[in-house]
Ligand SMILES: N[C@@H](CCC(=O)N[C@@H](CS)C(=O)NCC(=O)O)C(=O)O
């Protein structure tokens with residue numbers, strides 16, 4: 001199977017690091033797609049990913065999976081160990097709850113801030129809207145404070161072991177650096193958990 005990947009872009013890095021945490025990077029053929037060069041908008045790539053987004057997983061039977069979390073779910077079922085998405089009803093729910101919260105309340109507003117404010121994103125986000133950037137910055141910074149409170153006394157984000165939710169948190173914090181904002185430096189509990197995830201993924 002082929003994994004279409006863009007190093008340094010948060011969603012592709014999510015699937016890449018998930019597979020890496022499974023110790024199964026050799027199970028895929030990696031194909032690099034340069035977002036900055038616009039390769040994801042080519043007619044050839046749109047056949048694989050109609051929404052022109054990365055990552056994409058193409059199975060040997062030709063099936064295309066083009067949502068990062070869905071790709072992770074596929075890998076989780078293919079390679080059950082180590083378990084990263086929960087083993088019972090309660091764990092699965094808690095892990096999904098926190099993974100989606102990071103995705104929707106941290107990664108998504110941060111992306112809106114970045115896309116509407118950073119000069120590098122001007123070709124992809126036209127027009128850039130300063131008001132949308134300012135509002136998203138406020139939302140994501142408020143969420144980071146609440147997240148830090150949640151992490152008080154915890155070693156990992158969702159349950160008492162490393163999971164997909166930690167991978168999503170770690171990569172989202174790294175992504176935030178493009179706006180010179182490092183939630184893991186600003187908030188002690190996020191910083192402590194971030195360091196543990198970094199060590200686990202090394
Ligand atoms: N929901 C999709 C989102 C994928 C996504 O937004 N990918 C970004 C890179 S992190 C992308 O392809 N951006 C291209 C663009 O904005 O034109 C997923 O999680 O797979």
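Any residue in region 177-187 that is surrounded by 20 or more Cβ atoms within 10 Å (Cβ to Cβ), assigned by TED's automatic domain parsing to the domain that holds residue 96 and either touching a strand residue (DSSP E or B) at 6+ places or on another chain (Cβ under 6 Å) or assigned to a helix (DSSP H, G or I) (or both)? Looking for residues that are surrounded by 20 or more Cβ atoms within 10 Å (Cβ to Cβ), assigned by TED's automatic domain parsing to the domain that holds residue 96 and either touching a strand residue (DSSP E or B) at 6+ places or on another chain (Cβ under 6 Å) or assigned to a helix (DSSP H, G or I) (or both), one finds at least one in region 177-187, hence yes. Flag set for residue 83, criterion: away from the ligand (no atom under 13 Å from the Cβ) and not assigned by TED's automatic domain parsing to the domain that holds residue 181. Here residue 77 qualifies as farther than 29 Å from residue 144 by Cα, without any contact (Cβ under 8 Å) to a residue 12 or more places away in the chain and more than 10 Å from the ligand (Cβ to nearest atom).
Among the residues of region 4-18, those that are surrounded by 23 or more Cβ atoms within 10 Å (Cβ to Cβ) and more than 10 Å from the ligand (Cβ to nearest atom) comprise 16, 18. Within region 119-134, the residues that satisfy the criterion of being more than 12 Å from the ligand (Cβ to nearest atom) and either surrounded by 15 or more Cβ atoms within 10 Å (Cβ to Cβ) or not assigned by TED's automatic domain parsing to the domain that holds residue 194 (or both) are 128, 132, 133.
The values are calculated or read from the model by the stated rules, or taken from the named source; none is laboratory data. Because the structure is a prediction, the values reported are computed rather than measured. Cβ coordinates were reconstructed from backbone atoms using ideal geometry, including for glycine residues, and neighbour counts include every protein chain displayed.
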